[in-house]
1. When a/c is below 1.5 the answer is rounded, else prolate if a/b is larger than b/c, else oblate, so apply that to region 6-49 with a ≥ b ≥ c taken from the square roots of the Cα gyration tensor eigenvalues.
2. Which value in Å is the Kirkwood Rh of region 211-335 over different Cα pairs?
3. Order these by the 10 Å Cβ neighbour count, fewest first: Leu28, Leu160, Leu273.
4. Can you give the FRET efficiency to the nearest 0.05 for Arg226 and His123, using r as the Cβ-Cβ distance and R₀ = 45 Å?
5. In a shell of Cβ-Cβ distance under 14 Å around Trp327, excluding Trp327 itself, what net charge do Lys and Arg (+1) and Asp and Glu (-1) give?
6. Report the trypsin sites (Lys or Arg not before Pro) located in region 34-69 that are in a DSSP loop and have at most 12 other Cβ atoms inside 10 Å of their Cβ, or state none.
7. Can you tell which of Pro125, Pro110, Pro284 shows the greatest fluctuation in a Gaussian network model of the chain with Cα springs below 10 Å?
8. Taking the Cα atoms of the chain, what is the range of coordinates along each of the three principal axes, in descending order and whole Å?
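Only the coordinates and a few stated rules stand behind these numbers; no lab work does. Please read these numbers as outputs of a predicted model, since none were measured by experiment. Using ideal geometry, Cβ is built from the backbone for each residue, glycine included, and neighbour counts are taken over all protein chains shown.
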Amino acid sequence: MSDATLARARVGDEEAFRALTEPHRRELHVHCYRLLGSVQDAEDLVQETLLAAWRGLADFEGRSSLRSWLYRIATNRCLNALRASGARPQRMIGSGPPPDAPEPTRLGEPIWLQPYPDTLLDHLPDRADGPDVRYETKEAVGLAFVSGLQRMAPQQRAVLVLRDVLGYRAAEVAAMLDTTEASVTSALQRARAALDATPERPGGGTLPDSRAERAVLARFGDAFERGDIDAIVALLTEDAWIRMPPEPHEYQGHAAIAEFLRTRPLWRAGAGLHLVPTRANGQPAFAYYLTDPCAGVVRAGGLFVLTFSGGAISAITRFGDTGVLPWFGLPRTLPG
């Protein structure tokens, strides 16, 4: 950041302001997504952050870096949004399992979560600077990590991300959140304990786009389009899970998953299931489409994100919100 560019931005030069802030836009988007669990909400909060920075740039005294100043604005805007929308998951869940579905293995805690397109992670560093960083960029946007964050109190998730993902020192985080170092340390301890206790643990899995992963994905896609439930289950680990956030109904193990899948309308006669591969949260994924015989098209039904462990699929996370597909460059309908 040059002093000349900063000076021009302070007097209202929009081009200079973009030059200052654009290099940070993508990482701010990922940061807001981690805290909020929503791609669209992250976009809205990044816009709010940049607007607040534009209006407040004259008051930026340079005692911290511009990047840290932007993170301070973004974090506090996200915390305000979380406090205002705390009841959202409870409003969105159903009153029971899907129609005709078997009894779930477990009723998990309902969380609001959308998948995050891998294309938005391009050109981000693999790891933030700082001696206290614990998680690499893609690990810290994986479904296990982000799901764990959504189960924490807003202040705890903010502290965990700022300290363990971005590597800010406790004193810096305290200044960002207008609190004390002791409060930051306490919140971090509670957040780490909460993350360790979550059902999905961060880390593990095969290397992205490995040969073994591609072979399993090809077999999974073929079996799913054919409706071969036995073949699907054969690709899963013995303790695999199916999850469907924000719904709390979860199924574990071959028998429970097979029973659940056999009750789903995906493979009814004429459904014409079609999968389109993509990637989300650093993990392989498929958008799925169902034939609409009346309209002569196939319509999006949602997105599956797969988690790998030891060369097999250890979790299938289904998202039914088709509004997220444009973020993946995918249409809501395909030609019939």
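1. Judged from the Cα gyration tensor, region 6-49 comes out prolate (a/c at least 1.5, a/b above b/c).
2. Details: mean 1/r = 0.0674 Å⁻¹.
By the Kirkwood definition, the hydrodynamic radius is 14.8 Å.
3. Ascending Cβ contact count within 10 Å gives the list Leu273, Leu28, Leu160.
4. 0.75
5. On the way: positive: Arg26, Arg279, Arg332; negative: Asp41, Glu43, Asp44, Asp118, Asp122, Asp321.
Net charge around Trp327: -3.
6. Arg63
7. Looking only at Pro125, Pro110, Pro284, the biggest GNM fluctuation is shown by Pro125.
8. The principal-axis extents, from largest down, are 65, 44, 41 Å.
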